[in-house]
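Everything below concerns the one structure shown next.
The values are calculated or read from the model by the stated rules, or taken from the named source; none is laboratory data. Everything quoted here is computed from the prediction, not taken from an experiment. Here Cβ is always computed from backbone atoms with ideal geometry, including for glycine, and neighbour counts include all displayed protein chains. Note: areas computed on protein heavy atoms with side chains; ligands, DNA, RNA excluded. Shrake-Rupley method; radii C 1.70, N 1.55, O 1.52, S 1.80 Å.
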Amino acid sequence: MALEPTTGEIEVAGITLRYLEAGDGPEILFLHGASGAGWNPLLDRLSADWRVIAPEHPGFGLSPIPEWMMSTGDLAFFYLDLLQALNLHHLHLVGHDVGGWIAAEMAIRNTEWLSSLTLIAPAGVAHPQAPFGEVLLWSTEEFARRQFRDPKRADDWLQVQAALGMDIVLQNRAGLARLGSNAGLSNPQLPYWLHRIDIPTLLIWGKDDEVIPFACHEAFMREIPHAELFPLALAGHALPIECAWEISRRLTQFFQGARG
């Protein structure tokens with residue numbers, strides 16, 4: 001049964017961080033992607049057995065861009081401070097899209113608080129033969145068309161964006177631009193440090209992803225010791241919405257096998 005998430009706030013590094021939370025049990029921290037924070041079908045399923053915490057990144061939604069936020073590395077340090085503030089030990093860290101990039105940047109810095117790492121179609125590492133989509137140049141309508149394989153889900157997502165209001169949509173774009181304006185949605189240095197990730201790691205990717213191409217998984221798989229790949233055929237980029245059942249089932253198996 002889906003649980004209605006509650007809204008909370010916490011002060012971290014001088015920032016009021018907003019988050020959604022539902023469920024009981026071992027903790028999962030879910031870091032959202034470029035389209036902004038929200039509760040999705042994957043989180044619904046996971047919260048049946050786990051305590052799911054889904055923050056809204058500083059600089060997105062209702063949060064102004066902090067002066068110190070110049071890269072995903074800055075958010076990585078911020079979220080490591082959050083884990084300490086919330087005293088979250090043995091955490092399962094899950095990130096989608098830009099959230100996956102931030103999660104990887106966290107894990108190359110410090111895995112002390114983490115039991116596992118799951119990267120769902122993460123940005124962060126570009127592929128020379130499969131460039132990222134020009135997310136910052138796309139209209140909201142084009143982004144919807146490219147991230148969903150099902151046109152009906154794309155239409156539903158556009159209605160949600162319209163309900164949020166243009167201020168939040170524009171703020172999400174501004175936050176994304178701050179994180180990904182220099183080298184697109186990637187950090188050229190990140191592949192050199194992925195070997196530092198010393199916890200169980202699962203990569204989940206749609207083979208038909210038109211935002212972060214499937215080929216981008218290669219560097220993550222090559223550099224992260226003992227990483228596992230869960231490829232999804234006939235799946236695009238909006239995996240937490242379109243493939244929630246498949247992913248939640250695989251994550252349950254993965255979490256149970258991870259330390260903690």
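Using the structure shown, decide if A174 is open to solvent by less than 20 Å² (accessible area, probe 1.4 Å) and either aromatic (F, W, Y) or in a helix (DSSP H, G or I) (or both). Talk me through it step by step, then tell me what you get.
Working: open to solvent by less than 20 Å² (accessible area, probe 1.4 Å): no; either aromatic (F, W, Y) or in a helix (DSSP H, G or I) (or both): yes.
Judged against the criteria, A174 is not a match.
Looking across the stretch 239-260, not a single residue is of a type in the set (K, R) and crowded, with 18+ Cβ neighbours inside 10 Å. R173 fulfils the conditions (1) farther than 19 Å from T72 by Cα; (2) free of Cβ contacts under 8 Å to residues at least 60 places away in the same chain except for a single criterion, (1).
Would you say H92 is open to solvent by 30 Å² or more (accessible area, probe 1.4 Å), touching a residue at least 60 places away in the same chain (Cβ under 8 Å) and in contact with a helix residue (DSSP H, G or I) (Cβ under 6 Å, 6 or more places away or on another chain)? Even if it seems obvious, please write down each step before you answer.
Values: open to solvent by 30 Å² or more (accessible area, probe 1.4 Å): no; touching a residue at least 60 places away in the same chain (Cβ under 8 Å): yes; in contact with a helix residue (DSSP H, G or I) (Cβ under 6 Å, 6 or more places away or on another chain): yes.
When the stated conditions are applied, H92 does not pass them.
So that you can scan it fast, the table gives a plain yes or no per residue for (1) modelled with pLDDT of 95 or more; (2) of a type in the set (A, V, I, L, M, F, W, C); (3) assigned to a loop (DSSP other than H, G, I, E, B); (4) surrounded by fewer than 19 Cβ atoms within 10 Å (Cβ to Cβ):
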{"site": "L202", "(1), (2), (3), (4)": "yes, yes, no, no"}
{"site": "E210", "(1), (2), (3), (4)": "no, no, yes, yes"}
{"site": "A215", "(1), (2), (3), (4)": "yes, yes, no, yes"}
{"site": "P231", "(1), (2), (3), (4)": "yes, no, no, yes"}
{"site": "H237", "(1), (2), (3), (4)": "yes, no, yes, no"}
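For L251, the requirement of being part of a helix (DSSP H, G or I) and in contact (Cβ under 8 Å) with a residue 12 or more places away in the chain is met. Provide a single number: the residues in the stretch 212-242 that are of a type outside the set (G, A, S), under 16 Å from N40 (Cβ atoms) and in contact (Cβ under 8 Å) with a residue 40 or more places away in the chain. Within the stretch 212-242, residues that are of a type outside the set (G, A, S), under 16 Å from N40 (Cβ atoms) and in contact (Cβ under 8 Å) with a residue 40 or more places away in the chain number 5. Within the stretch 82-128, the only residue that satisfies the criterion of being at positive phi and not in a loop (DSSP other than H, G, I, E, B) is G124.
All of D74, D49 fail the test of being of a type outside the set (A, V, I, L, M, F, W, C), open to solvent by 20 Å² or more (accessible area, probe 1.4 Å) and in a helix (DSSP H, G or I), apart from D74.
Considering only residues of the stretch 112-142 that are open to solvent by 10 Å² or more (accessible area, probe 1.4 Å) and touching a strand residue (DSSP E or B) at 6+ places or on another chain (Cβ under 8 Å), which is farthest from L202 (Cα to Cα)? Don't jump to the end; show me each part of the working.
So the first thing to find is which residues in the stretch 112-142 are open to solvent by 10 Å² or more (accessible area, probe 1.4 Å), and the list is 112-113, 126-142.
With touching a strand residue (DSSP E or B) at 6+ places or on another chain (Cβ under 8 Å) added as a condition, the list becomes 113, 126, 132, 135.
Numbers: W113: 17, A126: 18, F132: 21, V135: 25 Å.
Out of the qualifying residues, it is V135.
A quick yes/no check of all residues on (1) farther than 29 Å from A227 by Cβ; (2) modelled with pLDDT under 85; (3) in contact with a strand residue (DSSP E or B) (Cβ under 9 Å, 6 or more places away or on another chain); (4) in a helix (DSSP H, G or I):
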| site | (1), (2), (3), (4) |
| --- | --- |
| A144 | yes, no, no, yes |
| A154 | yes, no, no, yes |
| D198 | no, no, no, no |
| W205 | no, no, yes, no |
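In the set (1) touching a residue at least 24 places away in the same chain (Cβ under 8 Å); (2) open to solvent by less than 40 Å² (accessible area, probe 1.4 Å), the condition left unmet by H195 is number (2).
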